[in-house]
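Q: There's a structure below that I have some questions on.
The values are calculated or read from the model by the stated rules, or taken from the named source; none is laboratory data. It should be emphasised that the depicted structure is a prediction, and the values quoted were computed from it without experimental measurement. A quick note on method: Cβ atoms are made from the backbone with ideal geometry, for glycine too, and the neighbour counts reach across all protein chains shown.
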């Protein structure tokens, strides 16, 4: 469904651009394939980044619940089960973090070592935070020491890092909103000119000069958009 909605959006966007810059069915046929490929590729990357950020926030909440269970005196295995129960009250049952915790709790109930369970989670998610927590746990298991205290300290540092990333993301989100509004201004100006002064704009359509001029404008517009996206997309 997400792919279908993205395809509908990009084709409507191409229709709008063709109407504003070319007003020609042939231009739509030339732009529809490369436009779909470029947009869907970028959209897919953005969706993946968004889902990874969501999981990062979910994992932070899960680690806070795990730390609370450890403070209450639970062993690590039982603390994982308690954190999983708390997560089901905060997130839906089909959310990614709940699915992962259900699987981990099931594996722990089958007497699998907790470090192996977390290592498999790190391989599945490929998240730096999960890998860091797993490394701390495996090292603490091998070298001995107060495992619960070490885990609590690692979880506290992880939560602080994720909170800083969240604050950075909030600032970047406001800049991205400003960028999206600015991207609409050139198209809005062309639409206003076409509707208010159609005779003035007729010279730009249906002739070689108009096609070249509007293609140059569209190229500058696209280059500015790509540059703006790279400036506003900061990976945290």
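Q: Select from region 157-188 the residues that are over 18 Å from the mean Cα position of the chain (by Cα) and touching a residue at least 60 places away in the same chain (Cβ under 8 Å) and list them in ascending order.
A: Those that are over 18 Å from the mean Cα position of the chain (by Cα) and touching a residue at least 60 places away in the same chain (Cβ under 8 Å): 158, 159, 187.
Q: Under 7 Å between Cβ atoms, at least 6 apart or on separate chains: pull out the pairs that start in region 213-226 with a residue that is over 17 Å from residue 181 (Cα atoms) and end on any residue that is not in a helix (DSSP H, G or I).
A: Once the first residue is over 17 Å from residue 181 (Cα atoms) and sits in region 213-226, its partners that are not in a helix (DSSP H, G or I) give 214/22.
Q: Then there is this: Answer yes or no as to whether residue 211 is part of a helix (DSSP H, G or I), at pLDDT 85 or above and crowded, with 16+ Cβ neighbours inside 10 Å.
A: It is true that residue 211 is part of a helix (DSSP H, G or I), at pLDDT 85 or above and crowded, with 16+ Cβ neighbours inside 10 Å.
Q: To continue, here is another question. If the requirement is being in contact with a helix residue (DSSP H, G or I) (Cβ under 9 Å, 6 or more places away or on another chain) and within 30 Å of residue 146 (Cα to Cα), which of these qualifies: 18, 76, 32, 47?
A: Going through 18, 76, 32, 47 in turn, just one is in contact with a helix residue (DSSP H, G or I) (Cβ under 9 Å, 6 or more places away or on another chain) and within 30 Å of residue 146 (Cα to Cα): 76.
Q: Please identify the pairs in which a residue from region 189-203 that is without any contact (Cβ under 8 Å) to a residue 60 or more places away in the chain and on the phi < 0 side of the Ramachandran plot has its Cβ atom under 7 Å from the Cβ atom of a residue that is surrounded by fewer than 11 Cβ atoms within 10 Å (Cβ to Cβ) and part of a helix (DSSP H, G or I), counting only partners at least 6 apart or on another chain.
A: Filtered contacts from region 189-203: 193/200.
Q: If you go through region 76-104 one residue at a time, how many are touching a residue at least 24 places away in the same chain (Cβ under 8 Å) and either over 15 Å from residue 117 (Cα atoms) or assigned to a loop (DSSP other than H, G, I, E, B) (or both)?
A: 5
Q: Can I ask one more? Of everything in region 42-78, what is more than 25 Å from residue 164 (Cβ to Cβ) and more than 21 Å from the chain's Cα centre (by Cα)? Give them in sequence order.
A: Once the filter is applied, which keeps residues that are more than 25 Å from residue 164 (Cβ to Cβ) and more than 21 Å from the chain's Cα centre (by Cα), region 42-78 yields 72, 73, 74, 75, 76, 77, 78.
Q: Which is closer than 22 Å to residue 68 by Cβ and exposed (fewer than 15 other Cβ atoms within 10 Å of the Cβ), of 116, 109, 127? Working first, answer last.
A: Working: 116 fails: closer than 22 Å to residue 68 by Cβ; 127 fails: exposed (fewer than 15 other Cβ atoms within 10 Å of the Cβ).
None of the other options fit; the residue is 109.
Q: Applying the selection to region 2-23, what residues are loosely packed, with under 15 Cβ neighbours inside 10 Å and either on the phi > 0 side of the Ramachandran plot or in contact (Cβ under 8 Å) with a residue 60 or more places away in the chain (or both)? Steps first, answer last, please.
A: The first filter runs over region 2-23 and keeps only residues loosely packed, with under 15 Cβ neighbours inside 10 Å, leaving 2-5, 7-9, 12-13, 15-16.
Matches in region 2-23: 16 only.
Q: Please state which of the following conditions residue 162 fails to meet, knowing it meets all the rest: (1) surrounded by 10 or more Cβ atoms within 10 Å (Cβ to Cβ); (2) modelled with pLDDT of 85 or more.
A: So the condition that residue 162 fails would be (2).
Q: I've got another one for you. Give 31, 13 a once-over and let me know the one that is assigned to a helix (DSSP H, G or I), more than 26 Å from residue 165 (Cβ to Cβ) and modelled with pLDDT under 90.
A: 31
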